[in-house]
Amino acid sequence: MNIMAQIAIPDHVDPDHVVDFDFYNDPRYAPDVHEGIAKIVAESPPVFWTPRYGGHWIIAGHAAIFQVVRDTETFSSAKMGIPAPEQEFKQVPINSDPPEHAQYRGPLNKVFSPKAMMAIQDEVRALAADLIEKVRADGHCDFAHAVAEPLPVSIFLKMMGLPLDMLPQYRRWVGEILISNDVQVRGRASGEVIASMSEIIQARMIERRNDIISTLLDTPIDGREVTFEEMQSFCLLLFIAGLDTVMNGMSFGVRHLAKDPALQAELRANPARITDAMEELLRRYTFTMPGRIIARDHEAFGVRFKAGERVLIMLPAADLDAREFPDPLKFDMDRENKVHIAFNSGPHRCAGSHLARIELRILYEEWLKRMPEFRLDPDKPAKFHGGHVIGVDSLPLVWDPS
């Protein structure tokens, strides 16, 4: 279907700023989703309108994104889903704008502080080592399912105080929320998550435990007790973010390493450089694309925005923008500009970035220390998905077992 011929371009949208782009299933995502994104950002204006999903704006340029994520009066986080859902479940603080945002962000900053996250390093390392040793002698594995999924997801379930045996069901719900472009599927899954979390919240209200939910229940919001509805909003956000994002960072990073045996050898010989490699991998393979809604009519970047229009902030495009990062598809640990935007910027910068960095660093350290040289399985190509979080569905690897 020629969607450009099917949907009328609004009068206020300049045809020169129209690009047909489907962030869930764009054909340019094949065979490599990030190369496709780099192609889009190179060939398109920094800000453009797409007719997909009823029509919405895309912010793709690095400079434009840096400005948009700070202009919360125009680009509100109150509503973020694309296409617009029938019912939009609020997640705090991600669906809050300043000044309200600060009162909800404070408790999360406490829970995910650098000190608190450093305290769980040994647990992360022990689980990483165990998962790697389970596959090492086999000579092959689907890394996405064998390691990248259970490592950060299990850690987060323990932190939240959620049952580990529910991991498969939890992952199905998260996938439906983040990957599906069907608003009914997303809405139903969000409702299931809220119902499940509500049972846990009610149990913690009766008896506290050593987990995030209990800590949030005991943390005042603007000098008062947190309400049950606010706890539901906190838990929906934490559930979605904690059960998906880091595993994609791990899979994209290890996929790159599998294609670069020289880099593997360099990092094994000099583990101190793993942190540098991790940051460049985060830039090269940024994977989240949050939404916004226009709060007021506004003109910027050569376009006119109308109140109520939806906006996609294409963070992977920002980190593959040649105007900010010369030769952006090249992996370069010694790149002069190392300030990527993988964890967003402005007031909504990822609260869990400290945890994410610890998990990524430890995973790379343990994987490179324990595994021989590994490579992509030539007979089983990796599989990816688009959506608000682009990710790896399957990453078959092979190596010569010792």
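The values are calculated or read from the model by the stated rules, or taken from the named source; none is laboratory data. Given the structure is predicted, the values throughout are model-derived calculations rather than measurements. Note that each Cβ is placed from the backbone with ideal geometry, even for glycine, and that neighbours are counted across all protein chains shown.
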Quiz item: Does residue 214 count as buried (at least 16 other Cβ atoms within 10 Å of the Cβ), over 30 Å from residue 364 (Cβ atoms), among the small types (Gly, Ala, Ser) and under 19 Å from the mean Cα position of the chain (by Cα)?
Solution: no
Exercise. Count, please, the residues in region 9-31 that happen to be assigned to a loop (DSSP other than H, G, I, E, B) and touching a residue at least 24 places away in the same chain (Cβ under 8 Å).
Key: 14
Quiz item: How many residues are more than 28 Å from residue 182 (Cβ to Cβ) and assigned to a loop (DSSP other than H, G, I, E, B) when one looks only at region 55-73?
Solution: 5
Self-check item: Exclusive hit being on the phi > 0 side of the Ramachandran plot and of a type in the set (Asp, Glu), set 393, 327, 334
Solution: 327
Exercise. Would you be able to say whether some residue in region 34-44 is closer than 21 Å to residue 296 by Cα, at pLDDT 95 or above and among the hydrophobic types (A, V, I, L, M, F, W, C)?
Key: no
Exercise. All but one of (1) touching a residue at least 60 places away in the same chain (Cβ under 8 Å); (2) part of a loop (DSSP other than H, G, I, E, B); (3) of a type in the set (Val, Ile, Thr) hold for residue 275, so report the exception by its number.
Key: (2)
Quiz item: What are the residues in region 151-180 that are outside any helix (DSSP H, G or I), small (Gly, Ala, Ser) and closer than 23 Å to residue 213 by Cβ, if any?
Solution: 161
Practice problem: Those residues that are among the β-branched types (Val, Ile, Thr) and under 28 Å from residue 25 (Cα atoms), I need them from region 343-389; list them, please. | Solution: 389
Quiz prompt | Hey, residue 91 of a type in the set (S, T, N, Q) and within 19 Å of residue 194 (Cβ to Cβ) or not | solution = yes
Exercise. Report yes if some residue within region 236-252 is at pLDDT below 95 and not in a helix (DSSP H, G or I); otherwise report no.
Key: yes
Quiz item: Inside region 32-50, can you point out the residues that are closer than 16 Å to residue 314 by Cα and outside any helix (DSSP H, G or I)?
Solution: 44, 45, 46, 47, 48, 49, 50
Quiz item: So, of the residues in region 335-352 that are of a type in the set (D, E, K, R) and under 14 Å from residue 282 (Cα atoms), which turns out to be surrounded by the most Cβ atoms within 10 Å (Cβ to Cβ)?
Solution: 335
Quiz prompt | Qualifying positions in region 61-72 - surrounded by fewer than 18 Cβ atoms within 10 Å (Cβ to Cβ) and either more than 29 Å from residue 42 (Cα to Cα) or β-branched (Val, Ile, Thr) (or both) | solution = none
Quiz item: If you take the residues of region 251-274 that are farther than 13 Å from residue 368 by Cβ and not small (Gly, Ala, Ser), which of them is surrounded by the fewest Cβ atoms within 10 Å (Cβ to Cβ)?
Solution: 259
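For (1) crowded, with 22+ Cβ neighbours inside 10 Å; (2) under 20 Å from residue 66 (Cα atoms), each residue gets a yes or a no:
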site: 302; (1), (2): no, yes
site: 319; (1), (2): yes, yes
site: 324; (1), (2): no, yes
site: 359; (1), (2): yes, no
site: 363; (1), (2): yes, no
site: 377; (1), (2): no, no
site: 384; (1), (2): yes, no
site: 392; (1), (2): yes, no
Practice problem: Could you grab me the full set of residues in region 181-224 that are touching a helix residue (DSSP H, G or I) at 6+ places or on another chain (Cβ under 8 Å), acidic (Asp, Glu) and at pLDDT 95 or above? | Solution: 192, 211
Quiz item: Just checking, how many residues over region 126-145 are under 22 Å from the mean Cα position of the chain (by Cα) and charged (D, E, K, R)?
Solution: 1
Self-check item: Residues satisfying the stated conditions in region 341-373, i.e. farther than 18 Å from residue 278 by Cα and in contact with a Leu (Cβ under 8 Å, 6 or more places away or on another chain)
Solution: 351
Quiz item: Which ones in region 291-300 are crowded, with 19+ Cβ neighbours inside 10 Å and either touching a helix residue (DSSP H, G or I) at 6+ places or on another chain (Cβ under 9 Å) or modelled with pLDDT under 95 (or both)?
Solution: 292
Quiz item: When you scan region 82-93, how many residues do you find that are surrounded by fewer than 22 Cβ atoms within 10 Å (Cβ to Cβ) and in contact (Cβ under 8 Å) with a residue 24 or more places away in the chain?
Solution: 7
